[in-house]
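A short worksheet on the structure shown next.
The values are calculated or read from the model by the stated rules, or taken from the named source; none is laboratory data. Everything quoted here is computed from the prediction, not taken from an experiment. Backbone-built Cβ (ideal geometry, glycine too); neighbour counts: all protein chains shown. Quick note on the areas: whole protein, heavy atoms, side chains included, nothing else; ligands and nucleic acids left out. Shrake-Rupley method; radii C 1.70, N 1.55, O 1.52, S 1.80 Å.
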Amino acid sequence: MSGRGDSGIRPDPAAAEGAADGAEERAEDVRRARWAALGTGALLALAGLAAALLRLTGSAPARIPAAYGLGAVVCALAAVLGFRGRTRWALWLLIAGVMVMALGDQFD
């Protein structure tokens, strides 16, 4: 190997095109994960808020709607973090929010 610039070795255009396709697929996966975290977090936050309002109008103890409300807040925070690209944190916060809501359901 002489290291000369005119050695005749040319980069493979097919390999460069494959790398570009891989980057596009990765970007699409990242975008899909962000929207999934946003949608799931928003849906769970609305469900928790609705459950808290329904339990608040009934004769349930105060800690039950508070647990649903706290779980809804945690899920809303997960939706915001997921939209900003922190999908791992969003996943864990979604799990924690649902667990808090389930704990509120156990109080009943």
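The table below lists the values:
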{"item": "Probe 1.4 Å, accessible area per residue of region 31-108, Å²", "result": "65"}
{"item": "Computed FRET value (nearest 0.05) for ARG88 with ALA66, which takes r as the C-beta separation and R₀ as 30 Å", "result": "0.60"}
{"item": "Cα-projected label distance for GLN106 with VAL30, points at 7 Å along beta-carbon direction, nm", "result": "3.9"}
{"item": "Sulfur and carbon atoms: percent of accessible area, region 15-81 [1.4 Å]", "result": "69"}
